[in-house]
Amino acid sequence: MLSKKFGTEPVHKFGRLISESSRIVLTCHVRPDGDAIGSTLGFAHLLRSLGKEATVVTPDLPPRTLLFLPGCKDIVAYSRYPEFAAKLVGEADLIICCDFNRLSRLDAMEPVVAAALCPKVLIDHHQDPGNFADVTFSCPEMSSASELVFRIICEMRMYQDLDLDAATCLTTGLITDTRNFSVNCSDPEIYQVLIKLLEKGVDKPRIVRLALELKSLDCLRLQVYALDRKLEIFERHHAAIMTLDKSDLEQFNYQRGDTEGLVNIPLSVDGIVYSFFLREDDDCIKVSARSINSFPVSSICEELYGGGGHRMAAGGEFHGTLEECRRLLVDNMDRYDEWIRPNSSGHI
Ligand code: 5GP
Ligand code: MN
């Protein structure tokens, strides 16, 4: 049995909002990852099995690596179909926001959702949720928004309505946000959640292969190039920085999603406590950070790049050149040395 995580009031209120709605839009953060897409699509499948017209509307397109998810091709990306996406949001009876804490994470789609008059429900596992929603399920201690969605479904007594497609999407969110149960997976109950999803017939090895491992040759070569040529180690600060500029990306025919997971790799070097990856995108420098030993990269992302996320997995955006972005981090590293602590076994 899973323990109850939410009060009866928000669960009932959400259940009532669902039963009173026929058109439901689900949305997630810009540059969606496996959890953003898994949680929204997973919930959408459940709502459809209840007879609802449920549509996933995202700020921009999901990465190719997630196209295997059932229903992924039906997602409406605001970046591609702004008018249609705005119409769907404007005509919705209910908007369910998954895997982000502030409307600003919707990027260019923010004003569209902010202007929608219908009730909104937030389902998220980031710190500091904004209070834009009528019902908020915020659990920063949870592995993923997909785990939250699953638990809400169970607490609404709808587990029996969850089909294989829904379970596949939710399991993908769990697998990607925990990197196949290697991080954010200390809560024993997460394995009970996994068991209940597997009981729906989910093919976990297939998800691990498609969502985490499978790469194009260009993508593999881009990652090898980044590690070989673009990785800087700051031994004294226990830090790593990797940068990729536009010409690096072009050289390897970069597609969205191709650098997914790259930021984790320097953490496999003994003594590296935090790792930053800086990528020159069209509109900004995208910052991605990961750490071990509870080193708070979210604080650095917030302070230097106006971003945030989780303590050991965070990100941000920088407006300026790639070198300015890198410099800002390097110039501040001294200040972060005090956060480097040995773990419980005395290791850095
Ligand atoms: P990633 O490095 O995979 O893009 O993101 C890691 C985590 O940080 C995710 O939980 C993501 O939601 C969060 N994150 C990434 N970029 C930003 C950002 O620009 N602002 C905020 N607030 N969070 C971000
Ligand atoms: Mn997430």
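The values are calculated or read from the model by the stated rules, or taken from the named source; none is laboratory data. Note that the structure is predicted; figures quoted are calculated from it, not measured. Quick reminder, even Gly has a Cβ in these numbers, built from the backbone with ideal geometry, and neighbours come from all protein chains shown. Only protein heavy atoms, including side chains, enter the accessible area calculation; ligands, DNA and RNA are left aside. Shrake-Rupley method; radii C 1.70, N 1.55, O 1.52, S 1.80 Å.
If you run the Gaussian network model on the chain, springs between alpha carbon atoms under 10 Å, then out of 321, 136, 55 the most flexible one is 321. Considering every Cα-Cα pair within the range 15-135, what fraction, in whole percent, is farther apart than 25 Å? For the range 15-135, the fraction of Cα-Cα distances above 25 Å is 12 percent. Across the cross-link table entries 5/196; 52/215; 73/120, which are compared at the Cα atoms, the separations over 27 Å belong to 52/215.
Highest mean packing comes first when the peptides 228-236, 203-211 are listed by Cβ atoms within 10 Å, giving 203-211, 228-236.
3J(HN,Hα) couplings calculated from phi for the range 286-299 with the Karplus curve 6.51 cos²θ - 1.76 cosθ + 1.60 (θ = phi - 60°) are, in sequence order, 8, 9, 10, 9, 9, 8, 10, 6, 6, 5, x, 5, 4, 5 Hz; Gly and Pro show x. By accessible area, using a 1.4 Å probe on protein heavy atoms only, the chain has 49% of its surface on carbon and sulfur. In order along the range 52-67, phi translates into HN-Hα couplings of 8, 8, 10, 10, 8, 10, 10, x, 9, 5, x, x, 4, 4, 9, 5 Hz, rounded to whole numbers, per the Karplus curve 6.51 cos²θ - 1.76 cosθ + 1.60 with θ = phi - 60° and x for Gly and Pro.
What whole-number value in Å² describes the accessible area per residue of the range 8-212 for a 1.4 Å probe? Working shown, then result.
Working: 8260 Å² over 205 residues.
Averaged over the residues of the range 8-212, the accessible area is 40 Å².
May I ask for the net charge around residue 189, where only other residues with Cβ less than 14 Å from the Cβ of residue 189 are counted and Lys, Arg are +1 while Asp, Glu are -1?
Details: positive: 4, 5, 151, 196; negative: 141, 147, 155, 187.
Surrounding charge for residue 189 is 0.
For the chain, the longest principal axis of the Cα atoms and the long axis of helix 164-177 meet at an angle of about 30 degrees.
Below 8 Å, C-alpha to C-alpha, sequence gap of six or more: please give me the relative contact order for the range 195-252 in percent. Kindly include the intermediate steps, with their values, before the conclusion.
On the way: 25 pairs, mean separation 15.5, N = 58.
The value is 27 percent.
If you take the Cα centroid of the range 59-102 and the Cα centroid of the range 125-185, the two points sit 18 Å apart. One compactness figure for the range 8-212 is 0.92, namely its Cα radius of gyration divided by 2.2 N^0.38 Å.
Provide the net charge surrounding residue 248, with neighbours chosen by a C-beta distance below 10 Å and charges set as Lys +1, Arg +1, Asp -1, Glu -1.
Around residue 248, the surrounding residues sum to +1.
What is the magnitude of the charge dipole of the chain about its Cα centre, with +1 placed on the Cβ of each Lys and Arg, -1 on the Cβ of each Asp and Glu, and no other charges, expressed in debye to the nearest 20? Please report the intermediate quantities before stating the final value.
Values: 38 positive and 51 negative charges, 169 e Å.
Once rounded to the nearest 20, the dipole reads 820 debye.
Shape summary of the range 159-249, radius of gyration then Dmax from alpha carbon positions: 17.9, 54 Å.
Explain nothing, just the number: relative contact order of the chain, from Cα pairs under 8 Å at least 6 residues apart, as a whole percent. Working shown, then result.
Details: 646 pairs, mean separation 44.7, N = 348.
13 percent.
Under 20 °C and 1.002 mPa s, how fast does the chain diffuse according to Stokes-Einstein, given a Kirkwood radius computed over C-alpha pairs? Answer in µm²/s, whole number. Mind dumping the intermediate values first?
Details: Rh = 20.7 Å.
My calculation gives 103 µm²/s for D.
Using all pairs of distinct alpha-carbon atoms, the Kirkwood hydrodynamic radius of the range 93-246 works out to 18.1 angstrom. Computed over the chain with a Gaussian network model linking Cα atoms closer than 10 Å, the most mobile of 37, 75, 175 is 75. Relative to the longest principal axis of the Cα atoms of the chain, helix 8-20 runs at roughly 60 degrees. State the Cα centre-to-centre distance between the range 228-284 and the range 316-348 in whole Å. Distance between centres, Cα-based: 14 Å.
Using the Karplus relation 6.51 cos²θ - 1.76 cosθ + 1.60 with θ = phi - 60°, the per-residue 3J(HN,Hα) values for the range 103-120 come to 4, 4, 6, 8, 6, 5, 8, 3, x, 5, 6, 4, 7, 5, 8, 6, x, 10 Hz, with x marking Gly and Pro. Among 71, 34, 201, the largest mean-square fluctuation in a Gaussian network model of the chain, built with springs joining Cα atoms closer than 10 Å, belongs to 201.
Could you tell me whether the range 198-348 comes out rounded, prolate or oblate from its Cα gyration tensor? Rule is a ≥ b ≥ c as square roots of the eigenvalues, rounded for a/c under 1.5, then prolate if a/b exceeds b/c, otherwise oblate.
Working: a/c = 1.70, a/b = 1.16, b/c = 1.46.
Verdict is oblate for the range 198-348.
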